[in-house]
Structure formats: structure tokens, C-alpha cells
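The structure appears below as C-alpha cells.
The values are calculated or read from the model by the stated rules, or taken from the named source; none is laboratory data. None of the values given here were measured: they were computed from a predicted structure. All Cβ positions, glycine included, derive from the backbone under ideal geometry; neighbour counts span all protein chains shown. To get the accessible areas, we keep the full protein, side chains included, count just its heavy atoms, and leave off ligands, DNA and RNA. Shrake-Rupley method; radii C 1.70, N 1.55, O 1.52, S 1.80 Å.
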Amino acid sequence: QVQLVESGGGLVQAGGSLRLSCAASGRTFSSYSMGWFRQAAGKEREFVAALSWSGAMPRYADSVKGRFTISRDNAKNTVYLQMNSLKPDDTAVYYCAATQGGASSYDKSYNYWGQGTQVTVSS
């Protein structure tokens, strides 16, 4: 069982940066691949980024590639999403998720989800 708690969301102007954190409970965090997803109002949840248990070969949605960076610190049971050059279209609730499978862009692959953190980017 893994419990996930996101933090770091907020209101930022376009072009600004935020760093989201996702703290995980449990002693086996390092064995899970982690993903970030987002859901804007009135839209379906979409993939943002994912990272394997080793931290190798991160995956990104095309819409955030070059602007967002996913990373993890297994010693702190935490995964991060550094978001730079934010745009109003990035406004959404951001969720982290965990899976014992590979770093997938498919949300159904993930077994555990956090409660989400709101990111609002003003123009």
C-alpha cells in the first residue's frame, strides 16, 4: 500500500515556475514507477510525465517537453515535478500516481493516486 500527498501548487503568472512535490508513505517507494497527470476543468485527465523506479528514461507529454522536469529522491520517498515557463494552458489539478509496472503514460496502469494539487497560471 502506498499513500501519496502532493504539495507545491498555487497561483503563478505566465512564464513563471513552480515545483510540485509528492511525498509517498511506505518502505517500498523505490520499487515504484511514478507519474504525474493533470486534469483541467471540463477536460479529461492527461499524462504529464513519468519516471521509472531507477530514475532513468523519464517520459514527458509533448505539451510539457522542454519545460517540465520529473525527478525523484528515493531516500526522501518523494517525486518532484519542476515546471518552468508556465502557460495558462497548464492550469489544472495535478496528481501524482504510483505503479509497480513501468513508467507509463496510461493512467489505468497506476494503482495509487494522490488527492491532487491545484496549479493556476494567470495570463
message: Accessible area per residue for the stretch 56-116 in Å², computed with a 1.4 Å probe and the full protein assembly in place, what is it?
response: 51
- prompt: Taking all protein chains as present, what is the carbon and sulfur share of the accessible area of the chain, in % to the nearest whole number, probe 1.4 Å?
  reply: 47
query: Hey, what did the chain get for relative contact order, percent, Cα under 8 Å, at least 6 apart?
result: 36
- line: Expected sort for 20-31, 75-86 on mean C-beta neighbours within 10 Å, highest first, is 75-86, 20-31
- request: Please count, across the chain, the pairs of lysine residues with Cα atoms under 24 Å apart that sit 8 or more places apart or on different chains.
  value: 5
Range of Cα positions in the stretch 62-123 per principal axis (Å), largest first: 38, 25, 23
- request: Pull up all non-local amide H partners of Tyr112: gap of 5 or more, or a different chain, and H-to-H distance under 5 Å with H placed in the peptide plane.
  value: Ala98
message: Report D for the chain in µm² per second (integer): Stokes-Einstein, Kirkwood Rh on Cα pairs, 4 °C, 1.567 mPa s.
response: 92
query: So how much slack lies between Lys65 and Glu46, counting 0.36 nm per residue of separation and subtracting their Cα-Cα distance, in nm?
result: 5.4 nm
